[in-house]
Amino acid sequence: MTVTFTLRALRPLAVALLIVSCLPSPGVAQAPNAPPRRTPSYEQLQEKTNAWTVGLAAGLIEGAPLRFAAELARVVDDGPNMQVLPIVTRGPTDNVNALLYLRGVDLAIINSDSLDEYKVQMPDVRRHVMYLLNLFPSELHIFVRPEIQSLKDLAGKKVNFNTPGTAAAYSGPLIFSRLGIDIDKQFIPHPLALQQMRKGEMAAVIFITSKPVDAFIKGQWEPGFRFLPLGYDSKFEDYYLPATLEASDYPSLIKPGERVATIAVPTALVAYNWPVGSNRYQRLSRFVDLMFSRIDKLQVQGFAPQWKAINLAATVPGLTRSPAAQEWLDRQGRKTPVSQ
């Protein structure tokens, strides 16, 4: 079930403000023959409230994307001129469905490889889903027991991908399928899986999230527990990016000067490809104007630190940039070149 965050307690105040905005200003006399101003009807208030509201499918309530959505909604909020409603969903992989089929959803936070499952059922999905912003990379962490020396050693062994709905539960098996390694896939909470690893009951755990991960920083691990490398090659060019794990990320697990090659799953803010000039496109365009022009407000203390690394011009593998976002970048390019 999808749940929408709405500030129900503030609705009476919002309605009151809308009514007041339609009343004569204090001290301004109406013309003697002017018809009396009418209080707006319920339908008029409803239309005005919804005119510049967009729905954003975010993700699980405990996930990082929901925090991003909430912070974005705070900064982009422009009263009656723009309101963003973050929506709790089953996870980033379900957000594509929400964007395509759920009424009232204009935006979504997704992992780039979420589109892979649509290759057969909806081959033209990229015509419907366009990206606005490359939010942050989620690095692949392949954490293994001491006896595991290579990826091939994991064949037939228990490997945990966290609970359904998480990035690891979707992208992890997909990545191993591309590698051609048949494993015994497990989907239990990572804290439980890490306990099983210590006892030798689980060979590996797969995390797909922004580094560093607290479990690897705060946990005490015996010698031999480590991250396996995964090189970036043509198998991953469609949706993924090259990445590394370093000693500065995990000083107790990676020696100074060493780097563990891996890949990253881009997490992107995407929009439905509404026809240019339509009402929904106009809402999207206004959202883009407010978000891009206020991005610096998200890059201060108190907001998620990943905002500081945002590059408005960064691309997303496998997706096309929304015309609304491209138009904004083009306008800024004519004024001041945008950093590439």
Q | Label-point separation, L179 to A313 (7 Å along Cα→Cβ), nm | A | 3.6 nm
Q: For the range 191-303, give the magnitude of the charge dipole about the Cα centre (Cβ charges: +1 Lys/Arg, -1 Asp/Glu; no others), in debye to the nearest 20.
A: 380 debye
Q: Please calculate how many Å² of accessible area the chain carries per residue, with a 1.4 Å probe and no DNA, RNA or ligand atoms counted.
A: 51 Å²
Q: Starting from the Cα of E222, step 7 Å along the direction of its Cβ; do the same at K297; then give the gap between the two resulting points in nm.
A: 5.3 nm
Q | 0 to 90° range, to nearest 10: angle between helix 190-199 axis and the chain longest Cα axis | A | 10 degrees
Q. Given 0.36 nm per residue, what is the gain on full extension from Q282 to E147 after removing their alpha carbon distance, in nm?
A. 42.9 nm
Q. Between A204 and residues 5 or more places away or on another chain, which pairs have amide H atoms under 5 Å apart, with H built 1.01 Å from N, and which residues are they?
A. N160
Q) Dipole magnitude of the chain about its Cα centre, charges +1 at Lys/Arg Cβ and -1 at Asp/Glu Cβ only, in debye to the nearest 20? A) 700 debye
Q: Please give the residues of the range 123-140, grouped as numeric ranges, whose backbone N is less than 20 Å from a label point set 7 Å along the Cα-to-Cβ vector of L329.
A: 126-138
**Q.** Cα long-axis angle, helix 167-179 against the chain (0 to 90 degrees, to the nearest 10)
**A.** 50 degrees
**Q.** Listed residue (V76, I87, I217) projecting farthest to the positive dipole end of the chain, Cβ model
**A.** V76
(Q) Which residues does the label zone of R67 cover in the range 176-210, counting backbone N under 19 Å from a point 7 Å along Cα→Cβ? (A) 190-191, 207-210
Q: Note the full-extension length gain between D77 and Y42 as 0.36 nm times their separation in residues minus their Cα-Cα distance, in nm to one decimal.
A: 10.3 nm
**Q.** Positive-end extreme of charge dipole, the chain - chosen from S41, Q149, Q326 (charges on Cβ)
**A.** S41
(Q) What is the distance in Å between the Cα centroid of the range 213-268 and that of the range 77-97? (A) 31 Å
Q) Relative to the longest principal Cα axis of the chain, at what angle does helix 279-293 sit, 0 to 90 degrees, rounded to 10? A) 70 degrees
**Q.** Pairwise Lys count, the chain - Cα closer than 20 Å, eight or more residues apart or different chains
**A.** 13
Q) Got a number for carbon plus sulfur as a percent of the chain's accessible area, 1.4 Å probe? A) 54 percent
Q: Go through P229, Q186, G277 and say which Cα lies farthest out towards the positive end of the charge dipole of the range 180-286; charges sit on Cβ, +1 for Lys and Arg, -1 for Asp and Glu.
A: G277
(Q) What's the ranking of 161-167, 145-151, 214-220, 59-65 by average number of surrounding C-beta atoms within 10 Å, highest first? (A) 161-167, 59-65, 145-151, 214-220
Q: Just need the relative contact order of the chain here, percent rounded to a whole number, with Cα pairs under 8 Å and 6+ apart.
A: 20 percent
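The values are calculated or read from the model by the stated rules, or taken from the named source; none is laboratory data. The shown structure was predicted, so the numbers you read here are calculated from the model rather than taken from an experiment. Because the Cβ atoms are built from the backbone with ideal geometry, glycine has one as well, and the counts that use them run over all protein chains shown. Note: accessible area is taken over every heavy atom of the protein model, side chains too, but ligands, DNA and RNA are not part of it. Shrake-Rupley method; radii C 1.70, N 1.55, O 1.52, S 1.80 Å.
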